[in-house]
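A short worksheet on the structure shown next.
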């Protein structure tokens, strides 16, 4: 089977009530060797009021469809789309600078490569996924509502520091995707789009129906709809890893001092139902590493062993400075089931907090949360939900780097869920006290539940206590209220306290939209430079000015007091 999925496309665009269609759309269905780059579909809407909106949208789509297929195949899909779009933005920003009203366009691009979808967007052009009767918006509008219309806050060509939003999602056969401009979504609700997507069989019929109904409802703008149906997918990567382990045994972890496959065991650092961790020396490279072995009882629990295999597979998929590195091993080296990770020197944030009489300094908490959020964002972009964020799983190295640990309870969106095992040793998607309400209600967890756990972590690091108390295992705590952060830590920045408390909302819709939004607010100027800097260092002239007026006012008061005695 070819590396690119088998798709069916429907594409329709109409100027609507306007004299000129400033939308532009396109797709590349590669043939031959270019199939390895996948299928790229783009929709753009030139920003009204710029010098040539049609030129902006058409140039962007044509350049992206052309330049992406010239990128190295070794680049990840997200990196390739990001780099090409940044180049297009740079060119358009410079070109627009020579025009009276500049150049700018919204953009949504969907790349279907292997079994994965990579979405890039800027502006208010959207992409939806229709799966199993449910319509889900995968993009988030970059727009600000005004009295008469809406103002675009991010678009190609309007800002020299532009960076597009990127999201990665696993594909399923039967998925249906809708790419639209705001002329469509301005008159058709999500409920109506969902109804149309569920009743029309052909992708082209659906695209035509969307545009036809938008025109019938007196749309006020150009309207464009592209529909992509996933017919068939290449064989899954995870299955390849499982086949590699078919004949490999689960063993009792070696003792310190013993050898296995060229690894000399040094010391045990953890042992539990999720596995055993041993520090070892790789005698082939003389590097210190950590080996993780599954619980020997995993042979009685196929699902537990599958979780272990998925943990290595997820670790190999993600390469990020804030996520623990899983080290690939050459075929045939391992005689037993285990995987190899980087060795870290330092301690967990849980241990760091135990050495403090009160919570950690706010500036340290901001730094730790920022690094943890970047690691989680890297996981989310790969469709991986961690599900067990807590200080114990955040490792602080001696150099101050925060590393996200333990993907043992993580899930991969798109992979079938694992059922509870027969012997009752169930892996819970989280740790009591850090789990979001929806996890207690049986949901599998998503980006929002990870945000909740990160909010609890930040609260705990600042205050030294859990916001909802220490609940019993599998018993839902009372999420109705918590003690405000500023009553416990009045020295905490108000922006930080508000952000963390927003993450703690029982309603997922009231939490930050994603990890990118969390980082946006965490990086606000109000949180920068929190350490007190004396006025003399910040502004010497102002220091002496204030000192002079204080001296003068004090002298006058003393003089008046002396005169009042006479």
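How many residues does the range 317-337 contain that are closer than 27 Å to residue 400 by Cα and at pLDDT below 85?
Looking only at the range 317-337, we keep the residues that are closer than 27 Å to residue 400 by Cα, and these are 317-328.
Narrowing further to those that are at pLDDT below 85: 317.
Residues that pass the stated criteria total 1.
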Exercise. Going through the range 248-281 one residue at a time, which ones are part of a loop (DSSP other than H, G, I, E, B) and under 22 Å from residue 311 (Cα atoms)?
Worked result: 248, 249, 250, 251, 252, 253, 254, 261, 273, 274
Problem set entry | Residue check, residue 378 part of a loop (DSSP other than H, G, I, E, B) and either in contact with a strand residue (DSSP E or B) (Cβ under 9 Å, 6 or more places away or on another chain) or at pLDDT 95 or above (or both) | no
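Among the listed residues 117, 111, 137, identify the single one that is within 21 Å of the chain's Cα centre (by Cα), surrounded by fewer than 19 Cβ atoms within 10 Å (Cβ to Cβ) and in contact (Cβ under 8 Å) with a residue 40 or more places away in the chain. It would help to see each step written out before you state the result.
Values: 117 fails: surrounded by fewer than 19 Cβ atoms within 10 Å (Cβ to Cβ); 111 fails: surrounded by fewer than 19 Cβ atoms within 10 Å (Cβ to Cβ).
From the options 117, 111, 137, the qualifying one is 137.
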Exercise. Residue 72 fails exactly one of the following numbered conditions: (1) over 24 Å from residue 318 (Cα atoms); (2) surrounded by fewer than 16 Cβ atoms within 10 Å (Cβ to Cβ). What is the number of that condition?
Worked result: (1)
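With the condition kept exactly as written, say whether any residue in the range 90-106 is assigned to a strand (DSSP E or B) and crowded, with 16+ Cβ neighbours inside 10 Å. First the steps, then the outcome.
Just the residues of the range 90-106 that are assigned to a strand (DSSP E or B), to begin with: 105-106.
Remaining after also requiring crowded, with 16+ Cβ neighbours inside 10 Å: 105-106.
Looking for residues that are assigned to a strand (DSSP E or B) and crowded, with 16+ Cβ neighbours inside 10 Å, one finds at least one in the range 90-106, hence yes.
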Exercise. Regarding residue 493, is this residue modelled with pLDDT under 95, out of contact with any strand residue (DSSP E or B) (no Cβ under 6 Å at 6 or more places or on another chain), outside the structural domain of residue 138 (by TED's automatic domain parsing) and surrounded by 16 or more Cβ atoms within 10 Å (Cβ to Cβ)?
Worked result: yes
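Do you know which of the residues in the range 302-316 that are farther than 14 Å from residue 329 by Cβ and either at pLDDT 80 or above or in contact with a helix residue (DSSP H, G or I) (Cβ under 8 Å, 6 or more places away or on another chain) (or both) is surrounded by the fewest Cβ atoms within 10 Å (Cβ to Cβ)?
306
Based on what the data block shows, is residue 173 loosely packed, with under 15 Cβ neighbours inside 10 Å and either farther than 20 Å from residue 97 by Cβ or not assigned by TED's automatic domain parsing to the domain that holds residue 211 (or both)?
Details: loosely packed, with under 15 Cβ neighbours inside 10 Å: yes; either farther than 20 Å from residue 97 by Cβ or not assigned by TED's automatic domain parsing to the domain that holds residue 211 (or both): yes.
Against the criterion (loosely packed, with under 15 Cβ neighbours inside 10 Å and either farther than 20 Å from residue 97 by Cβ or not assigned by TED's automatic domain parsing to the domain that holds residue 211 (or both)), residue 173 qualifies.
In the range 315-328, what residues are part of a loop (DSSP other than H, G, I, E, B) and within 15 Å of the chain's Cα centre (by Cα)? So that I can check it myself, show each step before the final result.
Within the range 315-328, the first condition is being part of a loop (DSSP other than H, G, I, E, B), and the residues that meet it are 318-322, 324-325, 328.
Within the range 315-328, 318, 319, 320, 321, 322 qualify.
Look at residue 466 and say whether it is in a helix (DSSP H, G or I) and at pLDDT 90 or above.
On the way: in a helix (DSSP H, G or I): no; at pLDDT 90 or above: yes.
No; evaluated as a whole, the condition is false for this residue.
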Exercise. Any residue in the range 18-37 that is at pLDDT 90 or above, in a loop (DSSP other than H, G, I, E, B) and either crowded, with 18+ Cβ neighbours inside 10 Å or on the phi > 0 side of the Ramachandran plot (or both)?
Worked result: yes
For this session: Working only within the range 54-83, note down all residues that are under 24 Å from the mean Cα position of the chain (by Cα) and within 18 Å of residue 158 (Cβ to Cβ).
Result: 64, 82
Seminar exercise, completed: The condition from (1) touching a residue at least 40 places away in the same chain (Cβ under 8 Å); (2) part of a loop (DSSP other than H, G, I, E, B); (3) buried (at least 17 other Cβ atoms within 10 Å of the Cβ) that residue 220 misses is numbered (3)
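With respect to residue 351, is the statement that it is in contact (Cβ under 8 Å) with a residue 24 or more places away in the chain, out of contact with any helix residue (DSSP H, G or I) (no Cβ under 7 Å at 6 or more places or on another chain) and either part of a loop (DSSP other than H, G, I, E, B) or in the same structural domain as residue 520 (by TED's automatic domain parsing) (or both) true? So that I can check it myself, show each step before the final result.
Working: in contact (Cβ under 8 Å) with a residue 24 or more places away in the chain: no; out of contact with any helix residue (DSSP H, G or I) (no Cβ under 7 Å at 6 or more places or on another chain): yes; either part of a loop (DSSP other than H, G, I, E, B) or in the same structural domain as residue 520 (by TED's automatic domain parsing) (or both): yes.
No.
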Exercise. When you go through 363, 312 one by one, which is the residue that is assigned to a helix (DSSP H, G or I) and either under 14 Å from the mean Cα position of the chain (by Cα) or not assigned by TED's automatic domain parsing to the domain that holds residue 408 (or both)?
Worked result: 312
Problem set entry | Unmet requirement for residue 371, which otherwise passes all of (1) in contact with a strand residue (DSSP E or B) (Cβ under 6 Å, 6 or more places away or on another chain); (2) under 30 Å from residue 443 (Cα atoms); (3) assigned by TED's automatic domain parsing to the domain that holds residue 278 | (3)
Problem set entry | Number of the exception - residue 458 against (1) surrounded by fewer than 18 Cβ atoms within 10 Å (Cβ to Cβ); (2) modelled with pLDDT of 90 or more | (1)
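The values are calculated or read from the model by the stated rules, or taken from the named source; none is laboratory data. All of these numbers come straight from a predicted model, not from anything done at the bench. Heads up, the Cβs are rebuilt from the backbone with ideal geometry, glycines too, and the neighbour counts pull from every protein chain shown.
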